[in-house]
Amino acid sequence: MQFIDLAAQYQHLKQKIDKRIQTVLDHGHYIMGPEVQELEQKLAEYVGVKHAITCANGTDALTLAMMVLDVKPGDAVFCPTFTFFATAEVIAFEGATPVFVDSDEATFNICPQDLEKRIQATIAEGKLKPKAIIAVDLFGLPANYPEIEKIAKKYNLKLVEDAAQGFGGSIDGKRAGSFGDIATTSFFPAKPLGCYGDGGAIFTNNDEYAELIRSYRVHGKGKDKYDNVRIGMNSRLDTIQAAVLLEKLAEFPTELINRNKAADNYEKELAGKFKTPQVPIDFVSSWAQYTLISNNRDAVMAEYKAKGIPTMIYYGTCMHQQTAFSKLGYQQGDFPIAEKLASSVFSLPMHGYISTV
Ligand SMILES: *Cc1c(COP(=O)(O)O)cnc(C)c1O
């Protein structure tokens, strides 16, 4: 049994994917070929935003968002401490300061009450300028955007949705990737929508941001290709990855149904034994991970292993516990919920081809 069975997906889509890749090999436009524009259109349609702009990976997508929002030294950007490293890394990469926020125990996502507390504390301290919030759709469940959007507005902060795991999820029919001022995703192979290498995308309804992102992703290009009007980066999605993603996106809605069936089955089987993941009313998860809480994690994982069922820990270390962020001066106990999650969560196999019978 595989934790994420990418081989089963490839077997299912092999003919279509092989044909798409062969088309790219034949036309030879390996960078920014026609499949890239086709994919950007289809992504924008699926997510329900005006602009989808592909790039090299999900970390670059977040970095491009930080660049567009002009995040810089002296700025505070609020993000959950219980997340993947890249969420916080991109803030520090711009020279700004990540201000960590505790989690909501039931959903694993950023806690709106603690977010507001940390914003108020940062304002009171007066050292950093509160600039933006990065909320994460952890394990596939969109963060509590109705509440977070209110807080962003109240304190005049920009809001970025890190939908690297959330692609396919929704709130009240509004899809992940459409929340906040800018949203980002990753097409790393193990994400809900993955390619066969690295890839990412940025979503926005803001024309000005979209134009800036298109410039930043190709060396800050201006109207003339060889007149570079700002300092950017090289972060294009290659055409073969776009070709793979076009076929995977077409199949994605079916896979999403299967993931949700699998999650329902897990809930029925495991609700009495573990604390199971809770999906609020009107929310849909893309189930990037199916994550349980156990006070006896090591023993439980060993039991599953003995049965041939792989398990993983996402995440065993919070951001405030990372060596790279030790100079921020956080203490053990500063984020009680997130710390408890980091020491008790584990995830079961989940993918679009998992048996649901
Ligand atoms: C995977 C991931 C990223 C980074 O994506 P890459 O494509 O690996 O660079 C960022 N944020 C979260 C929450 C992720 O899970």
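The values are calculated or read from the model by the stated rules, or taken from the named source; none is laboratory data. Quantities reported herein were computed from a predicted structural model and do not represent experimental measurements. Cβ placement follows ideal geometry from the backbone for every residue including glycine, while neighbour counts extend to all protein chains displayed.
Report, by residue number, each residue of the range 177-199 that is among the hydroxyl-bearing types (Ser, Thr, Tyr) and surrounded by fewer than 24 Cβ atoms within 10 Å (Cβ to Cβ). Hits for the range 177-199 are 178, 196.
With the structure loaded, tell me whether residue 133 is among the aliphatic types (A, V, I, L, M), outside any loop (DSSP other than H, G, I, E, B), over 30 Å from residue 21 (Cβ atoms) and within 15 Å of the ligand (Cβ to nearest atom) or whether it fails that test.
Numbers: among the aliphatic types (A, V, I, L, M): yes; outside any loop (DSSP other than H, G, I, E, B): yes; over 30 Å from residue 21 (Cβ atoms): yes; within 15 Å of the ligand (Cβ to nearest atom): yes.
Answer is yes for this residue.
Just one of the numbered conditions (1) on the phi > 0 side of the Ramachandran plot; (2) small (Gly, Ala, Ser); (3) touching a Ser or Thr at 6+ places or on another chain (Cβ under 7 Å) is not true of residue 220: (3).
Mind checking which residues of the range 52-76 are more than 14 Å from the ligand (Cβ to nearest atom) and among the β-branched types (Val, Ile, Thr)? Working first, answer last.
Filtering the range 52-76 down to residues more than 14 Å from the ligand (Cβ to nearest atom) leaves 52-53, 67-76.
Across the range 52-76, the qualifying residues are 53, 68, 71.
Of all residues in the range 312-326, those satisfying the criterion of being under 18 Å from residue 118 (Cβ atoms) and either out of contact with any Cys (no Cβ under 8 Å at 6 or more places or on another chain) or not in a helix (DSSP H, G or I) (or both) are 318, 320, 321, 322, 325.
Restricting the search to helices (runs of 4 or more DSSP H) fully inside the range 2-81 and requiring at least 3 residues that are in contact with an Asp or Glu (Cβ under 9 Å, 6 or more places away or on another chain) gives 6-27, 58-68.
Mind checking which residues of the range 154-176 are on the phi > 0 side of the Ramachandran plot and within 14 Å of the ligand (Cβ to nearest atom)?
Residues of the range 154-176 on the phi > 0 side of the Ramachandran plot: 156, 168, 172-173.
Of everything in the range 154-176, just one residue is on the phi > 0 side of the Ramachandran plot and within 14 Å of the ligand (Cβ to nearest atom), namely 168.
Working carefully through the options 264, 224, find the one that is outside any loop (DSSP other than H, G, I, E, B), acidic (Asp, Glu) and either more than 23 Å from residue 4 (Cβ to Cβ) or free of Cβ contacts under 8 Å to residues at least 24 places away in the same chain (or both). Give the steps one after another, and end with the answer.
Values: 224 fails: outside any loop (DSSP other than H, G, I, E, B).
It is 264.
Among the residues of the range 136-153, at least one is in contact with a strand residue (DSSP E or B) (Cβ under 6 Å, 6 or more places away or on another chain) and away from the ligand (no atom under 16 Å from the Cβ).
The residues in the range 268-311 that are surrounded by fewer than 17 Cβ atoms within 10 Å (Cβ to Cβ) and assigned to a strand (DSSP E or B) can be counted, and the count is 1. Taken together, 268, 273 contain a single residue that is within 29 Å of residue 337 (Cα to Cα), modelled with pLDDT under 95 and not acidic (Asp, Glu), which is 273.
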